[in-house]
Amino acid sequence: MMRALVAVLFFLGQSFWEAKPPEKWSEAEIDTVRRASPWAQTIGPSPEVLVWLATAEPIREAEAEARLRFKHTEKEPDPDYAGYVTEHGDEIFVLAVAYPRLSGLGVAEEQKRMEDECSMVVDHRTYHIVGHFPPTQSDPVLRLVFPRRVKESDKAVDFVLYLAGLPFPERQVEFRVKDLRFHGKLSM
């Protein structure tokens, strides 16, 4: 009887993304994973932008489930991006940034500065982006590709960003590594 009670308490204490499969998630739960989970944050100053770990399994599952349910509003990922992630997924992960406006992105100096200044800091080690997929009118998401160098023993991963074309382009966001576990494993 005590074991059953412990199992029930454990189940009740789990996040919905751990307790049930994506096909059982409600629309609100899908939105929560995509916008306000350990894998997604909104950062300021104004205009605030949504950033998320696009290659994290719960994010991928929420996006796939949204595409199945809401085919008329959800877009398929860019085939070049999807192919790159499929081919290099063991070596990289992607931080995605939703762009509220695209003005200023085509300026060469701004592009270069973004490429030079976007970095990831893990346990006093700094890693620069290894590539990126720029936002477009049809897909206003900047996807920054980082080397997969975060370990479960690390405390946090910080991203120092230069978001070309935005007022206050210097932004920073931190994800706590212990919170990025999905089904018992680090998921980025």
Per-region count, segment 124-174, residues of a type in the set (V, I, T) and not in a strand (DSSP E or B): 4
Residues located in segment 151-180, provided they are out of contact with any Lys or Arg (no Cβ under 9 Å at 6 or more places or on another chain), closer than 16 Å to H124 by Cβ and touching a residue at least 40 places away in the same chain (Cβ under 8 Å): Q172
Only listed residue being under 30 Å from S153 (Cα atoms) and in a loop (DSSP other than H, G, I, E, B), chosen from D90, D116: D90
Candidate set from segment 99-122 (those that are at pLDDT 85 or above and loosely packed, with under 14 Cβ neighbours inside 10 Å); member that is farthest from the chain's Cα centre (by Cα): E109
Cross-chain or 6+ apart pairs with Cβ under 8 Å, segment 30-58 first and over 20 Å from F133 (Cβ atoms), then polar (S, T, N, Q) and buried (at least 22 other Cβ atoms within 10 Å of the Cβ): P58/S37
Of residues in segment 70-93 being more than 24 Å from E174 (Cβ to Cβ) and surrounded by 13 or more Cβ atoms within 10 Å (Cβ to Cβ), the one modelled with the lowest pLDDT: E74
Whichever residue in segment 59-74 is out of contact with any helix residue (DSSP H, G or I) (no Cβ under 8 Å at 6 or more places or on another chain) and assigned to a loop (DSSP other than H, G, I, E, B) and, among such residues, is nearest to P135 (Cα to Cα): T73
Pairs where the first residue, in segment 110-123, is within 24 Å of V150 (Cα to Cα) and the second is among the small types (G, A, S) and not in a helix (DSSP H, G or I), C-beta under 6 Å, 6+ apart: M114/A164
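Test A96 against the stated conditions and say whether it is among the aliphatic types (A, V, I, L, M), over 23 Å from V130 (Cβ atoms) and buried (at least 18 other Cβ atoms within 10 Å of the Cβ).
Criteria not met by A96.
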Test: residue in segment 125-138 that is of a type in the set (A, V, I, L, M), closer than 21 Å to P77 by Cα and in contact (Cβ under 8 Å) with a residue 24 or more places away in the chain: yes
Where a residue in segment 87-102 is within 17 Å of I43 (Cβ to Cβ) and its partner, wherever it lies, is assigned to a loop (DSSP other than H, G, I, E, B) and modelled with pLDDT of 95 or more, with Cβ under 8 Å and at least six apart: V94/A54; V94/T55; L95/A54; A96/A54
Checking V130 against (1) of a type in the set (A, V, I, L, M, F, W, C); (2) surrounded by 15 or more Cβ atoms within 10 Å (Cβ to Cβ); (3) over 27 Å from E18 (Cα atoms), the condition it does not meet: (2)
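The values are calculated or read from the model by the stated rules, or taken from the named source; none is laboratory data. These numbers come from a predicted model, not from an experiment. Backbone-built Cβ (ideal geometry, glycine too); neighbour counts: all protein chains shown.
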